[in-house]
Amino acid sequence: MDVQESVSQEVVFWNMIDTLSGVSYKSHWTPAGNGKPHLMINTILIADDHDDNRELLLLLLSGAGYDVREAKDGHECLTLARDQPPDLILMDLSMPGLDGWEVFRELKTDQRTRAIPCMAVTAHAELDWNQALEAGFSAYVSKPFSGDVLLNTIATVLAKRKSAS
C-alpha cells in the first residue's frame, strides 16, 4: 500500500484492487471525520438499453471495485445523474427515445451534471469515434470491448477528473 500526503496534510491511502484480469486499479482512502480511514469508491452510471450489455458492465465494474448504477434509457440516465451525480457515466450512443447524444447535450447544459465526465461506449465505431470526441466526450470505447481496455480507459478518465478538481 502506498501512502501519500496531500496539500491539506491529509493522509491518503491507496488501496490496490486486483481485477480478474490481473490489472491493478486504485481506490482512494481518506480519513473520515472520526479520524478513521474510509473508502472513497468511484460511482459509475451505465446508460444502455440492452440488458446484457448493462449486466456485463455491472459485473466487470463491480468486480473492479466500482459502485455501479444502471439506467435502461436516456430519461432514466438524466434522472439518476441529476439526483445523485456519479463520478463517471458510460453511455451507449444508440438508445431508443432519448439517445446518448441528446442525453450528453442535456447533461452538459445542466449546472448539476456538466462536470461529470462521460464515456461513449457504442458499436458504431467508425461513425461515432470522431463525433464523440469532438462533441466533448471524455473517452470512447467501441463494442465489443476488451475488459482491460475499458478498465484502463475508465481509470485514466477518473484520474484526469481528480487532478482537475
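Given points 7 Å out from each Cα along the Cα-Cβ axis, report the Ser163 to Lys143 separation in nanometres with one decimal.
3.1 nm
What shape does region 42-164 take by its C-alpha gyration tensor, where a ≥ b ≥ c are the square roots of the eigenvalues and a/c under 1.5 counts as rounded, a/b above b/c as prolate, and the rest as oblate?
rounded
Can you list the residues, at least 5 places off or on another chain, whose amide H is less than 5 Å from the amide H of Val141, using H built in the peptide plane?
For Val141, the qualifying residues are Ala120, Val121, Thr122.
Using alpha carbons only, how many angstrom separate the centre of region 109-165 from the centre of region 50-108?
With region 109-165 and region 50-108 each reduced to a Cα centre, they are spaced 12 Å.
Run the simple label-point estimate for Glu102 and Ala155 please: 7 Å along Cα→C-beta, distance reported in nm.
About 3.7 nm, to one decimal.
Bear in mind these aren't lab numbers, they're just calculated from the coordinates by the rules spelled out. This structure is a prediction, so every number in the text was calculated from the model and none was measured. Virtual Cβ from ideal backbone geometry, glycine too; neighbours counted across all protein chains shown.
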